[in-house]
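Chemist: After the structure tokens below, expect a handful of questions from me.
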Amino acid sequence: MDRVQLNTALKQNKIANEDKLEVLEKERMQLKTPVPWEAFLLEKKVLTEKQLLDIKSAASGVAVVDLTSSQILQDILNLVPEPIAHRHQVISFAKTKDELSLAMTDPDDIQTREFIQKKTGLKIKTFLIGKTSLDFGLSKYHSSLEKEIKHLFTPTGESVTATAMAEGESAADGLKKMAEEIPVIRVVDTLLEYAVFEKASDIHIEPQENAVSVRYRIDGVLHDVMTLPKVIQAAIVARIKVLSNLKIDEHRLPQDGRFKIDKEGYKFSLRVSTIPIFDGEKVVIRLLDESAKAMSLEDLGFEKSSLEIISRNIKKPHGMLLVTGPTGSGKSTTLYTVLSMLNTKAVNISTIEDPVEYRIVGANQMQVNPKIGLTFDVGLRALLRQDPNIIMIGEIRDKETAEEAVHAAMTGHIVFSTLHTNTSSGALPRLLDIGVEPYLIASTINAVLAQRLVRVVCKDCQTEIKLDDATIDSLGRQFHMDKLLPVLIKAGATPPKTKSLKELKFYKGRGCDKCNHSGYKGRLGIHEILEVTPAVATMIMEHKSAQEIEIQGEKDGMILMWEDGFIKALKGITTIDEIVRVSKE
């Protein structure tokens, strides 16, 4: 139920009057973290969980079910895997020959219902469930898993590894046996499959003192998915090591590996990293969608002015385009998108990467391997003997790679690479610091793109807001707000007659079931592009600072990254909170 419907029901049932609800709403809006209206009312004890369920049941016509007094068969419970049950708050509790009964906190969650229907092949009958009942259902998963994995341990609690070693087998053999047990395989497969369903970019498997925590990174933010018993920790890590061809009995050193999932409907490459921490080995798995369609720069969030600059510079016969930003800011995705635009049979595209993240059909992609001496600079020298037209270097980290890159750009090649700086103007002094000659930078760099990823406002719970004087003053401590309005007018984001920022409408998400009450769904880039004009080239030769180069870039028409963020916030794409968040990185 939305807030208006719930408020109407509360007044009709004489649970709360209009004045009280208005006071509560003002109190809720002052909270830093958005709280769903229902949860807020329950927290303030305005109504009980039973009253809320009765109201929702009467409005939706969906019957309420209490699972705390029900006996749920384990086979039926497992028809909905635990990550889905946790994240989408749904429990399967009864089944007939062709029908499955689902208890849901949101019976209107059509996407989850359809997914479970497709997965099970059964018709779905929905019931309404409260938090107490949901928590009871979720606890059944944990007890079930503990029962299943008991046979991996001796009566004294020793793992099969210890038993195997006592019988003369190696620790690796014992771990391998454990990794091939059905419950362990099922847990790992479930974690991977539902990370794909949730569109997660990373899976974090983190050992703690008494449990193992599993979190998914979705839209750039980590979400708790499930907690596993501590006893299964070694088996899960062993299973992932087997899949990614890592040393199964090496627990003291970090390891890196990869494997693939290729199933009907999706194809993913998974990068695995393990590190030893105090409570065991932590595993992080990055998911890269190999079946995803090539995106356009418009899909990535580039404004018209930025698209024109990029198009102009990638059409030049030679020179370098750099993309900068912190880890996880979408640099590789932008470069792969540009390469896909240029990928024709008439050109030879060669890349050297660490690691190769996405496959580009028709491109020659090389992965660095420092253990055998194949570094970026060595690989780049080899690529230049392969008659390339376009070269992509995963990252410029040192003087040797930087010099090879600029020499390649000077000798008639188009070169793309990434650099770790916070702003586009900061990339040019950074190359000087690395040791590249100023004349080489000035003559070879065509443009530098800086970017961040911001979360997109959920369209289902989007609401308008306006800036007051206090908010503008607060923003003014981080941004030059006095020059924002002319930029917005010039970009066509607001009418030329606009006199004040207080006239503008921005947006935020209230939080709903569709966005898991976060107010956001999906991510998009905000960007700034510095073209190396003759004036900027002169400043490079004079060893000018990043700030001075940025001022010149603005004179040449560059829209700064935070300004691009405000343009998107004005269009209802993102929020001011997100611009502040990523600008602090």
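Chemist: So Lys459 ticks every box in (1) open to solvent by 10 Å² or more (accessible area, probe 1.4 Å); (2) within 21 Å of Glu550 (Cα to Cα) but one. Which box is left unticked?
Modeler: (2)
Chemist: Quick one: Met178 ticks every box in (1) within 35 Å of the chain's Cα centre (by Cα); (2) modelled with pLDDT of 75 or more; (3) assigned to a helix (DSSP H, G or I) bar one, so which box is it?
Modeler: (2)
Chemist: If I ask for residues that are within 27 Å of Cys458 (Cβ to Cβ) and in contact (Cβ under 8 Å) with a residue 12 or more places away in the chain, which ones from the range 4-24 would you list?
Modeler: Selection gives Gln5, Leu6, Asn7, Ala9, Leu10, Ala16, Leu21, Leu24.
Chemist: Scan the range 522-544 and tell me whether some residue there is modelled with pLDDT under 90, of a type outside the set (Lys, Arg) and within 28 Å of Met295 (Cβ to Cβ).
Modeler: Yes, the range 522-544 contains a residue that is modelled with pLDDT under 90, of a type outside the set (Lys, Arg) and within 28 Å of Met295 (Cβ to Cβ).
Quick grid of which residues meet (1) of a type in the set (A, V, I, L, M, F, W, C); (2) under 30 Å from Lys316 (Cβ atoms); (3) in contact with an Asp or Glu (Cβ under 7 Å, 6 or more places away or on another chain); (4) modelled with pLDDT of 90 or more:
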{"residue": "Thr423", "(1), (2), (3), (4)": "no, yes, yes, yes"}
{"residue": "Gly426", "(1), (2), (3), (4)": "no, yes, no, yes"}
{"residue": "Leu432", "(1), (2), (3), (4)": "yes, yes, no, yes"}
{"residue": "Ala470", "(1), (2), (3), (4)": "yes, no, no, no"}
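Chemist: Here is a further query. Quick one: which residue in Thr375, Thr411, Thr401, Thr337 is hydroxyl-bearing (Ser, Thr, Tyr) and touching a strand residue (DSSP E or B) at 6+ places or on another chain (Cβ under 8 Å)?
Modeler: Thr401
Chemist: Determine, yes or no, whether Leu31 is surrounded by 14 or more Cβ atoms within 10 Å (Cβ to Cβ) and not small (Gly, Ala, Ser).
Modeler: no
Chemist: Can you say whether Arg217 is basic (Lys, Arg), at pLDDT 85 or above and closer than 30 Å to Asp109 by Cα, as far as the supplied structure shows?
Modeler: Spelling it out, Arg217 is indeed basic (Lys, Arg), at pLDDT 85 or above and closer than 30 Å to Asp109 by Cα.
Chemist: If I filter the range 199-242 down to residues being among the aliphatic types (A, V, I, L, M), surrounded by fewer than 21 Cβ atoms within 10 Å (Cβ to Cβ) and out of contact with any Ser or Thr (no Cβ under 6 Å at 6 or more places or on another chain), which single residue comes out as farthest from Asp189 (Cα to Cα)?
Modeler: This residue is Val221.
Chemist: Just one of Thr351, Thr334, Thr324 is within 16 Å of Ile391 (Cα to Cα), open to solvent by less than 40 Å² (accessible area, probe 1.4 Å), under 19 Å from the mean Cα position of the chain (by Cα) and not aromatic (Phe, Trp, Tyr); which is it?
Modeler: Thr334
Chemist: Can you tell me how many residues within the range 107-123 are out of contact with any Ser or Thr (no Cβ under 8 Å at 6 or more places or on another chain), closer than 27 Å to Ile55 by Cα and crowded, with 17+ Cβ neighbours inside 10 Å?
Modeler: 2
Chemist: As an exercise: evaluate Asp473 against (1) in contact (Cβ under 8 Å) with a residue 60 or more places away in the chain; (2) open to solvent by 50 Å² or more (accessible area, probe 1.4 Å) and give the number of the one condition it does not meet.
Modeler: (1)
Chemist: Oh, and also: Restricting the first residue to the range 196-210 and requiring it to be part of a strand (DSSP E or B), which pairs with a second residue that is open to solvent by 20 Å² or more (accessible area, probe 1.4 Å) and of a type in the set (Lys, Arg) meet a Cβ separation below 6 Å and a spacing of at least six or different chains?
Modeler: Every condition considered, the pairs that remain are Asp202/Arg217; Asp202/Arg286; His204/Arg215; Glu206/Lys282.
Chemist: Residue under question is Ala546, and the condition is that it be of a type in the set (Gly, Ala, Ser) and farther than 21 Å from Ala569 by Cα; does it hold?
Modeler: In short, yes.
Chemist: Please go through the range 354-378 and give me each residue that is closer than 30 Å to Ser425 by Cα and more than 27 Å from the chain's Cα centre (by Cα), ordered by number.
Modeler: Thr375, Phe376, Asp377, Val378
Chemist: Of all the residues that make up the range 263-296, how many are surrounded by 15 or more Cβ atoms within 10 Å (Cβ to Cβ), polar (S, T, N, Q) and either modelled with pLDDT under 90 or touching a Ser or Thr at 6+ places or on another chain (Cβ under 8 Å) (or both)?
Modeler: 1
Chemist: Give the range 117-132 a look and list any residue that's of a type outside the set (Gly, Ala, Ser), farther than 17 Å from Asn516 by Cβ and not in a strand (DSSP E or B), or say none.
Modeler: Within the range 117-132, Gln117, Lys118, Lys119, Thr120, Leu122, Thr132 meet the criteria.
Chemist: For the range 541-564, how many residues meet the condition of being closer than 18 Å to Ile310 by Cβ and assigned to a helix (DSSP H, G or I)?
Modeler: Looking only at that region, the number is 4.
Chemist: For the range 433-459, which positions are farther than 22 Å from Glu531 by Cα and in a strand (DSSP E or B)?
Modeler: Answer for the range 433-459, where residues must be farther than 22 Å from Glu531 by Cα and in a strand (DSSP E or B): Val454, Arg455, Val456, Val457.
Chemist: In the set Ala409, Ala363, Ala405, Ala346, which member is of a type in the set (Gly, Ala, Ser), modelled with pLDDT of 90 or more and open to solvent by 40 Å² or more (accessible area, probe 1.4 Å)? Step through it out loud before you land on a result.
Modeler: Numbers: Ala409 fails: open to solvent by 40 Å² or more (accessible area, probe 1.4 Å); Ala363 fails: open to solvent by 40 Å² or more (accessible area, probe 1.4 Å); Ala405 fails: open to solvent by 40 Å² or more (accessible area, probe 1.4 Å).
After ruling out the rest, the residue left standing is Ala346.
Chemist: Got a number for residues in the range 538-549 being open to solvent by 50 Å² or more (accessible area, probe 1.4 Å) and either under 15 Å from Ala447 (Cα atoms) or acidic (Asp, Glu) (or both)?
Modeler: 3
Chemist: If Ser306 satisfies all but one of (1) under 26 Å from Arg523 (Cβ atoms); (2) in contact with an Asp or Glu (Cβ under 9 Å, 6 or more places away or on another chain); (3) not in a helix (DSSP H, G or I), what's the number of the condition it fails?
Modeler: (3)
Chemist: I need the full set of residues from the range 505-537 which are over 30 Å from Ser443 (Cβ atoms) and open to solvent by less than 50 Å² (accessible area, probe 1.4 Å), in order please.
Modeler: First, the residues of the range 505-537 that are over 30 Å from Ser443 (Cβ atoms): 505-524.
Listed by number, the residues that qualify are Phe506, Tyr507, Gly509, Gly511, Cys512, Cys515, Ser518, Gly519, Tyr520, Gly522, Leu524.
Chemist: Here's a follow-up. Would you please list the contacts, defined by Cβ atoms under 6 Å and residues six or more apart or on different chains, that run from a residue in the range 379-404 that is in contact (Cβ under 8 Å) with a residue 60 or more places away in the chain and within 20 Å of Ile314 (Cα to Cα) to a residue that is surrounded by fewer than 16 Cβ atoms within 10 Å (Cβ to Cβ) and small (Gly, Ala, Ser)?
Modeler: From the range 379-404, no pairs qualify.
Chemist: Taking the conditions exactly as written (at pLDDT 85 or above and in contact with a Leu (Cβ under 7 Å, 6 or more places away or on another chain)), does Ser201 satisfy them or not?
Modeler: Here the answer is yes, as Ser201 does meet what is asked.
Chemist: From Ala200, Ala179, Ala195, grab the single residue that is of a type in the set (A, V, I, L, M) and farther than 19 Å from Arg87 by Cβ.
Modeler: After applying the criteria, what remains is Ala179.
Chemist: Moving to a separate point now. Which residues, taken from the range 58-67, are surrounded by 11 or more Cβ atoms within 10 Å (Cβ to Cβ) and not acidic (Asp, Glu)?
Modeler: Result: Ala58, Ala59, Ser60, Val62, Ala63, Val64, Val65, Leu67.
The values are calculated or read from the model by the stated rules, or taken from the named source; none is laboratory data. Remember, predicted model here, so these are calculated numbers, not experimental data. Note: ideal-geometry Cβ built from the backbone for every residue, glycine included; neighbour counts use all protein chains shown. Protein only, heavy atoms only, side chains kept; ligands, DNA and RNA dropped before computing areas. Shrake-Rupley method; radii C 1.70, N 1.55, O 1.52, S 1.80 Å.
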